[in-house]
Amino acid sequence: MSIDIGIIGLAKSGRTTIFNALTRGKADTGSYTQEGSHIGVAKVPEPRLKMLADMLHPKRVVPAEVTYIDIGASVTDLLKEKAVSGQLLTQLRNADALINVVRAFTDESIPHIEGSLDVDRDIAAMNLELAFSDLALLERRLERIETSLKGAKPPERQNLLREQEMLVKLKTDLEKDVPIRELRLTTDEARIMANYQFLTAKPLLVVVNIGEDQLPQQNWGHIIHNQNAVLLLSVVN
Ligand SMILES: Nc1nc2c(ncn2[C@@H]2O[C@H](COP(=O)(O)OP(=O)(O)OP(=O)(O)O)[C@@H](O)[C@H]2O)c(=O)[nH]1
Ligand SMILES: [Mg+2]
């Protein structure tokens, strides 16, 4: 079993540092790479696996794996696909879950890409990018449905109309800033949805990259309160 997790975030937020910590890798944290991303596999330690292996003596024991993908570019302007090349976007769309790394550490020698430190702003900006990207995908699909409907015969026509209805509903929610993962879909809707790779449908963990010194001083309560899943992380090099 393997799951793929895409690590996203603004430039210089600490994605590669966290990728290295997760995969015990040594990827270069220095430069901003437009092309290519770091890919690393971590085996998930599972004590019960050893217990089972001792009992059953299988020929091979394969622990579950998590593949982390450190997207090489700043994941902004997804919609315009300016910062993210088509290939990187595909990697993101193929991921099972996303980690959004947000910078909270202070370091004068590393300028913040947005000019100032603001964790809430950066979380919101990334959520907006993901929603924009999904809206673009949605609109492309709706256009194609419109075209297909012109020549469609009854059974296919019904399916197309149902899909269209669902996509229009999703669109309304996305435009209201509701990510797809928060919607309650019917089984039928979930089945249609599985054909897409919407970014806001994926589980999302927000990792707030704090400096070692910041945990006791700051009030992170409101961020933890506002997000579904947050991890405050301090990676010591
Ligand atoms: N002081 C401090 N520096 C950090 C921390 N986390 C990362 N850095 C530094 O910040 C810089 C950027 O970190 P990276 O891990 O390369 O961040 P990134 O998001 O992968 O950056 P790019 O891929 O270059 O856009 C590096 O020089 C890191 O050593 C931290 O918690 N505290
Ligand atoms: Mg990096």
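A few points about this structure:
- The set of residues in region 155-186 being assigned to a helix (DSSP H, G or I) and modelled with pLDDT under 90 consists of PRO155 alone.
- Condition met for LYS50 (modelled with pLDDT of 70 or more and either more than 9 Å from ligand 1 (Cβ to nearest atom) or not small (Gly, Ala, Ser) (or both)): yes
- Within region 99-137, the set of residues being away from ligand 1 (no atom under 14 Å from the Cβ), surrounded by 14 or more Cβ atoms within 10 Å (Cβ to Cβ) and either of a type in the set (Val, Ile, Thr) or assigned to a loop (DSSP other than H, G, I, E, B) (or both) comprises ASP118, ILE123.
- Residue ID - farthest from THR200 (Cα to Cα), chosen from residues in region 140-156 that are surrounded by 12 or more Cβ atoms within 10 Å (Cβ to Cβ) and either among the charged types (D, E, K, R) or touching a Phe, Trp or Tyr at 6+ places or on another chain (Cβ under 9 Å) (or both): GLU156
- Top-ranked residue of region 158-200 - restricted to ones that are out of contact with any strand residue (DSSP E or B) (no Cβ under 9 Å at 6 or more places or on another chain) and in contact (Cβ under 8 Å) with a residue 60 or more places away in the chain, ranked as nearest to HIS112 (Cα to Cα): THR200
- Selected residue (only one of GLN214, GLN197 is in contact with a helix residue (DSSP H, G or I) (Cβ under 9 Å, 6 or more places away or on another chain), part of a loop (DSSP other than H, G, I, E, B) and modelled with pLDDT of 75 or more): GLN197
- Evaluated against (1) modelled with pLDDT of 80 or more; (2) assigned to a loop (DSSP other than H, G, I, E, B); (3) near ligand 2 (Cβ under 8 Å from one of its atoms), SER13 falls short on exactly one condition, (3).
- Some residue of region 70-93 being within 14 Å of ligand 1 (Cβ to nearest atom), modelled with pLDDT of 85 or more and surrounded by 11 or more Cβ atoms within 10 Å (Cβ to Cβ): yes
The values are calculated or read from the model by the stated rules, or taken from the named source; none is laboratory data. Just so it is clear, the structure is predicted and the values come from calculations on it, not from any experiment. All Cβ positions, glycine included, derive from the backbone under ideal geometry; neighbour counts span all protein chains shown.
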